[in-house]
Structures are given as structure tokens and as C-alpha cells.
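**Q** Shown below is the structure under consideration.
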Amino acid sequence: MHIAFVAYDGMTALDFVGIYDPLTRLDTMGFRDDVSWEVCARTERVTANAGLKIVPDVVDEPLSGYDMLVVPGGFVARELAEDDEFTSWLATADAEWITSVCTGSLLLGAAGLLDGKQATTHPDAYERLADFCEVVEERIVVDGTVATAGGVSSGIDLGLWLCAELEDEETRDAITVQMDYPYSH
């Protein structure tokens, strides 16, 4: 399971880290030795919305060859959904699992990755998401192997849900306990 975590300037830090933390624990806590990941961006350095700096592992390379694509959101995603270069880059993904947190689903939609699917986003962006797919006003929406999470903190829930899906509920529960996260499932 090779995961591409997309990063871009202005993204919401918790959208990125909330799903990153539980998914990477599949490896770091010893549940699976076949989970690997890379932070992928179009620039050599990314600055999240509150100034958090991230140095990507992969810069401006196609997103093909990954098993999972993870796209965070942020207020800037509304504008970035209009950026043809960025959305064309996202469209290079051929991952089995396509996932997003918050307004990251707007980016997936603009890239054509939500065609014919149901998805969710931050409640303030439901109307905009409806331009790309059927909107379901839930915290997590799964349509086949497309999984989207609503507002910012829902990325943690989606990450934990994916841990159960990729491994099992016992693994998810152990990760939840280690994270001291009382709100899962």
C-alpha cells in the first residue's frame, strides 16, 4: 500500500495531518510492513494555512503508481479547483483509493475523479461540490473506493475508517487507543 499525500500552499494543516497520522501508524505501530507513503507537491516547499512548512518527498511528478491518493482541503482549495495545471496534475492519479478531507473533494471533483460518485465536503462547500458529483451531507461518504470526509477534524475519522478497511477493526481500535481519540466509529 503506497500512499500519496498531496500537499499545497494554503492547505489546512489538520486536513493533512488528521488523516496522515492514523494511516501512517499502520506501519509505525507494526501492523503492516507494506505501507509506505510520500508527500507529493508541485513545489519544493509547502506552507500550510497557519505557516506550517512541509518539505515534500516528490515534487511535480505524476501521481500515477500509488495505491491511495489523499487530498486535503483548505479555504484556498476553492480557488485551486479553478487551476487547470493543478487539477490536471491530480488527474494523473490512477490509485485504487481516492480520498479527500474537507474541501479537498472540490479538487478531486475539478480533476474529474468524482464523476458519477457520491461525496462530501465542508458544509460551507456543499453547493460548490454539487458541480462535480452527488453531495451527501455526512461526515464520511464512501462510494466504492472513493472516500471523502466533511469538515476539518473529520480527516481523523476517515483515517481511522481506512485503517479498519485496509486491515481490520481491532487494528483501528488499537490505533485509536494509541492516539487517545475517543470519537471513532
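**Q** At 222 nm, what value in deg cm²/dmol follows for the chain if DSSP H runs of at least 4 each add -39500 (n - 2.57) and the sum is divided by all its residues, to the nearest 500?
**A** Details: 7 runs with 62 residues, N = 185.
-9500 deg cm²/dmol, from helical runs alone.
**Q** Another question, then. Residues of the chain: accessible area per residue at 1.4 Å, in Å²?
**A** In whole numbers, the chain has 44 Å² accessible per residue.
**Q** Of Thr148, Thr24, Thr120, which has the largest mean-square fluctuation in a 10 Å C-alpha GNM of the chain?
**A** In the Gaussian network model the winner is Thr24.
**Q** Of the candidates Leu80, Leu52, Leu107, which one comes out as most mobile in a Gaussian network treatment of the chain with C-alpha springs shorter than 10 Å?
**A** Maximum among the listed residues: Leu52.
**Q** Oh, and also: Once neighbouring chains are kept in place and the probe is 1.4 Å, which whole percent of the accessible area of segment 54-182 is contributed by carbon and sulfur?
**A** Values: 2360 of 5540 Å².
Answer for segment 54-182 is 43 percent, counting heavy atoms of protein chains only.
**Q** Determine the order of Asp180, Asp173 by accessible area, beginning with the largest, at a probe radius of 1.4 Å. Intermediate values should be presented prior to the final figure.
**A** On the way: Asp180 130, Asp173 60 Å².
Reading off the accessible areas and sorting them downward yields Asp180, Asp173.
**Q** What percent of all Cα-Cα pairs in segment 1-87 falls into each 10 Å bin, going from 0 up to the bin containing the maximum distance?
**A** Spelled out bin by bin, segment 1-87 gives 17, 49, 28, 5, 0 percent.
**Q** With every protein chain present, what accessible area does Ile98 have (1.4 Å probe, heavy atoms only), rounded to the nearest 10 Å²?
**A** My reading of the accessible area for Ile98 is about 10 Å².
**Q** Please report, to one decimal in angstroms, the Kirkwood hydrodynamic radius of segment 91-165 built from all distinct Cα-Cα pairs.
**A** On the way: mean 1/r = 0.0847 Å⁻¹.
Over segment 91-165, the inverse of the mean reciprocal pair distance is 11.8 Å.
**Q** Taking a quarter of the surface of the convex hull around the Cα atoms of the chain, what do you get in nm²? Before the final figure, lay out each step's value.
**A** Values: hull surface 37.2 nm².
Computed as one quarter of the Cα hull surface, the answer is 9.3 nm².
**Q** I've got another one for you. At a threshold of 8 angstrom on Cα-Cα distance, excluding pairs fewer than six apart, so keeping six or more, what relative contact order does the chain reach in percent?
**A** Values: 429 pairs, mean separation 39.6, N = 185.
Once divided by the residue count of the chain, the mean separation gives 21 percent.
**Q** Enter the Cα centre distance for the pair segment 116-185 and segment 33-55, rounded to the nearest angstrom.
**A** Here the two parts' Cα centres lie 20 Å apart.
**Q** May I ask for the distance between the Cα centers of segment 67-98 and segment 99-114, given as a whole number of Å?
**A** 6
The values are calculated or read from the model by the stated rules, or taken from the named source; none is laboratory data. If you're wondering where the values come from, they're calculated on a predicted model, not measured in any experiment. These accessible areas exclude ligands, DNA and RNA; they are computed on the full protein's heavy atoms, side chains included. Shrake-Rupley method; radii C 1.70, N 1.55, O 1.52, S 1.80 Å.
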